[in-house]
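Right, I'll just put the structure down here and ask away after.
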Amino acid sequence: MEINSSACTLALILFFVILSYLAIAADDDKLGASFIFGDSLVDAGNNNYLQTLSKANIPPNGIDFKPSGGNPTGRYTNGRTIGDIVGEELGIPNHAVPFLAPNSTGEAIIYGVNYASGGGGIMNATGRIFVNRIGMDIQVDYFNITRKQFDQLMGPSKARDYIMKKSIFSITIGANDFLNNYLLPVLSIGERISESPDGFINDMITHLRDQVTRLYKLDARKFVIGNVGPIGCIPYQKTINQLSENECVGLANKLAGQYNGRLKDLLTELNDNLPGATFVYANVYDLVLELITNYDKYGFSTATRACCGNGGQFAGIIPCGPTSSLCQDRDKHVFWDPYHPSDAANLLIAKQLLDGDTKYISPVNLRQLRDL
């Protein structure tokens, strides 16, 4: 019997088309949106659109950020934020678009939206020294707008499914509530006289519980919430307190530790009380402290001096800008500027959050959270 070669060819083409379609469909099954809330550690450019004293859209910020060709984007680092790296590793093709950016509409939001703002905090008063910033309450209000846009884009049923089952909500906030609120003498002396550290932290936890519950009511189900890092060890704190290389500011770290204990308890409570949700605790404090303590083990030459900054022993007083001194070996510095980690440090932190064990991320890591 004679076989028609063109029919064979057509059948083969159809077979490969179907295979590639199935591969894409399987891949799509893993993709979802990355919704990022927080402060300057994860701001991807929202503050560019605010009249604020806290901005990073000036060089040399972003000097190693490949998508912009090394131009500043409003990220407070030389390259990517932890949120950028996590999104890339989880297979999300585009970085989450800043909510305030003009292009954050239509299809652009499918892979996620970034609401984070330099200077923002859990408490509404936090960061008022910068004049404008977006606190966590407003960030949740903004997500409410995005949530309605997803209904319009996908239809209510598909949108709900996409947000509940495939999307991850990451929250990196709390450091400014100490650095630019409770510990800032100019703004908070009255508050510190009238409110004990326990009382202030209690207020933070109460506010965060309400904010996260609001997101849950808007169909958020997969959460990762970072604790507050060792804020007493950042170049700014070490410089203004005139500490030696191996010292950190005790009070700042003690407050962070107290808050972190309460946060862990809160996430256990929310895991028990909000059906269908998974709350993951990211132990940023221990992760960053490990990099600072054993910096040479990870290929860094310093964990005290800012790569980009000016003033004092550790270039830790004046934020990074065009007139700052700039190190040449950027990947050898744990800190990019007086406050924020470098791309190299962010990469190491992100890797532990993605694939690490329960010492740094619990009850599951981010790759496991994606696949739940």
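What helices does the chain hold that run 20 Å or longer along their axis, going by alpha-carbon atoms, with a Kyte-Doolittle average of 0.0 or more, using DSSP H for the helix calls? Don't skip to the end; give the middle numbers.
Working: long enough: 5-30 (38 Å, 1.35); 136-154 (27 Å, -0.45); 197-217 (30 Å, -0.61); 250-273 (34 Å, -0.71).
Membrane-span-like by this rule: 5-30.
Among Cys233, Cys327, Cys320, which comes first, then next, by fewest other beta-carbon atoms within 10 Å? Please report the intermediate quantities before stating the final value.
Numbers: Cys233 25, Cys327 20, Cys320 29.
Lowest to highest Cβ neighbour count: Cys327, Cys233, Cys320.
Now for a different question. Excluding residues on the same chain fewer than 8 positions from Lys217, give the aspartates and glutamates whose Cα lies under 20 Å from its Cα.
The reachable aspartates and glutamates, counting only those whose Cα sits under 20 Å from Lys217, are Asp137, Asp141, Asp151, Asp161, Glu269, Asp272.
What is the distance, in nm, between label points placed 7 Å from the Cα along the Cα-to-Cβ direction at Asn273 and at Ser194?
So the two model labels end up 2.6 nm from each other.
Neighbouring Cβ atoms within 10 Å as the yardstick, rank His95, His207 fewest first. Before the final figure, lay out the partial values.
Details: His95 24, His207 18.
Least crowded to most crowded, the residues run His207, His95.
Distance in nm between label sites at Gln242 and Val131, each 7 Å beyond Cα in the beta-carbon direction?
3.3 nm
How far apart, in nm, are two points set 7 Å out from the Cα along the Cα-to-Cβ line at Ser325 and at Met154?
5.0 nm
Show that you can apply the helix-only estimate: for the chain, add -39,500 (n - 2.57) for every DSSP H stretch of four or more residues, divide by all residues, and state [θ] at 222 nm to the nearest 500.
Working: 11 runs with 149 residues, N = 372.
When only DSSP H runs of four or more count, the value is -13000 deg cm²/dmol.
Now for a different question. Which aspartates and glutamates, on any chain, are close to Lys66 with Cα under 18 Å apart, when same-chain ones fewer than 8 places away are left out?
Counting by Cα, and skipping residues close in sequence, Lys66 has these aspartates and glutamates nearby: Asp43, Asp84, Glu88, Glu89, Asp329, Asp331, Asp343.
If r is the Cβ-Cβ distance from Asn57 to Leu372 and R0 is 35 Å, what FRET efficiency results, to the nearest 0.05? Before the final figure, lay out the partial values.
Working: r = 36 Å, r/R0 = 1.04.
After rounding to 0.05, the efficiency reads 0.45.
Please report Ser104, Ser325 as a ranked list, fewest other C-beta atoms within 10 angstrom at the top and most at the bottom. Don't jump to the answer; show the numbers that get you there.
Numbers: Ser104 19, Ser325 14.
Arranged by neighbour count, lowest to highest, Ser104, Ser325 become Ser325, Ser104.
Cut-off under 30 Å on the C-alpha distance; same-chain residues fewer than 8 positions from Lys254 excluded. Which lysines are left, in chain and number order?
Lys55, Lys222, Lys238, Lys264, Lys297, Lys332, Lys351, Lys359
Bear in mind these aren't lab numbers, they're just calculated from the coordinates by the rules spelled out. Remember, predicted model here, so these are calculated numbers, not experimental data. Virtual Cβ from ideal backbone geometry, glycine too; neighbours counted across all protein chains shown.
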